[in-house]
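Participant: Below you'll find the structure I mean.
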Amino acid sequence: QVIEEKYPTPSLVTPPEYASVGSKIFSTFVTFLKSKDASDGSEKALVDELQALEEHLKAHGPYIGGANVSAADLSLAPKLYHLQVA
């Protein structure tokens, strides 16, 4: 919010209806990494979250909020990078 107040243009505000998009990806990723049981459903939960993000981006993208980058994109990008590295 501080950045938004100091530099209002371009706005990084995420539309409220999209604020939760991708919010569970990192927690399901951590659960998957810690899992010692291949049949506990953690892999499927992660894949489901990633597919939900992909479907959202196809329908509303290229970014979470539409045509412009938002705070949600900036928050999610490093998490997706760590997922790719791991």
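Participant: Taking Leu76 and the conditions (1) open to solvent by 60 Å² or more (accessible area, probe 1.4 Å); (2) part of a helix (DSSP H, G or I); (3) out of contact with any Lys or Arg (no Cβ under 7 Å at 6 or more places or on another chain), which numbered condition does it fall short on, given that it satisfies the others?
Facilitator: Tallying (1) open to solvent by 60 Å² or more (accessible area, probe 1.4 Å); (2) part of a helix (DSSP H, G or I); (3) out of contact with any Lys or Arg (no Cβ under 7 Å at 6 or more places or on another chain), Leu76 fails exactly one: (1).
Participant: Provide a single number: the residues in region 49-68 that are closer than 20 Å to Tyr81 by Cβ and open to solvent by less than 80 Å² (accessible area, probe 1.4 Å). Spell out the reasoning first.
Facilitator: Of all residues in region 49-68, those closer than 20 Å to Tyr81 by Cβ come to 49-54, 56-57, 61-65.
Of the ones still in play, those that are also open to solvent by less than 80 Å² (accessible area, probe 1.4 Å) are 49-50, 52-53, 56-57, 61, 64-65.
Number of matching residues: 9.
Participant: Something else now. Taking the options Ala38, Ala71, name whichever one is among the hydrophobic types (A, V, I, L, M, F, W, C), at pLDDT below 95 and surrounded by 14 or more Cβ atoms within 10 Å (Cβ to Cβ).
Facilitator: Ala71
Participant: Which condition from (1) at pLDDT 95 or above; (2) open to solvent by less than 70 Å² (accessible area, probe 1.4 Å); (3) out of contact with any Lys or Arg (no Cβ under 8 Å at 6 or more places or on another chain) is the one that Glu4 breaks?
Facilitator: (1)
Participant: Let me ask something else about it. Would you check which residues across region 1-57 are within 17 Å of the chain's Cα centre (by Cα) and not in a helix (DSSP H, G or I) and list them?
Facilitator: Scanning region 1-57 gives Leu12, Val13, Thr14, Pro15, Ala19, Ser20, Val21, Gly22, Ser23, Lys24.
Participant: Just need a number here: residues in region 41-68 that are at pLDDT 95 or above and polar (S, T, N, Q).
Facilitator: 2
Participant: Next up: Among the numbered criteria (1) touching a helix residue (DSSP H, G or I) at 6+ places or on another chain (Cβ under 6 Å); (2) free of Cβ contacts under 8 Å to residues at least 60 places away in the same chain, which one does Leu12 miss?
Facilitator: With (1) touching a helix residue (DSSP H, G or I) at 6+ places or on another chain (Cβ under 6 Å); (2) free of Cβ contacts under 8 Å to residues at least 60 places away in the same chain applied to Leu12, the lone miss is (2).
Participant: Six or more apart or on different chains, Cβ under 6 Å: which pairs go from a residue in region 45-71 that's without any contact (Cβ under 8 Å) to a residue 60 or more places away in the chain and under 24 Å from Lys34 (Cα atoms) to one that's in a loop (DSSP other than H, G, I, E, B) and open to solvent by 30 Å² or more (accessible area, probe 1.4 Å)? Could you list them?
Facilitator: Final answer for the pair search is Glu49/Lys24.
Participant: Between a residue in region 73-85 that is farther than 16 Å from Phe32 by Cβ and any residue that is open to solvent by 60 Å² or more (accessible area, probe 1.4 Å), which pairs come within a Cβ distance under 9 Å, given they are 6 or more apart or on different chains?
Facilitator: Listed pairs, sorted by first residue: Asp73/Tyr63; Ser75/Ser23; Leu76/Ser23; Leu76/Phe26.
Participant: I've got another one for you. In region 18-33, what residues are at pLDDT 95 or above and open to solvent by 90 Å² or more (accessible area, probe 1.4 Å)?
Facilitator: Lys24
The values are calculated or read from the model by the stated rules, or taken from the named source; none is laboratory data. The structure presented is a predicted model; accordingly, all values stated were derived computationally and were not measured. Don't worry about glycine lacking a Cβ; one is built from the backbone with ideal geometry, like all the others, and counts go over all protein chains shown. Accessible surface is based on the protein model in full, side chains and every heavy atom, while ligands, DNA and RNA are left aside. Shrake-Rupley method; radii C 1.70, N 1.55, O 1.52, S 1.80 Å.
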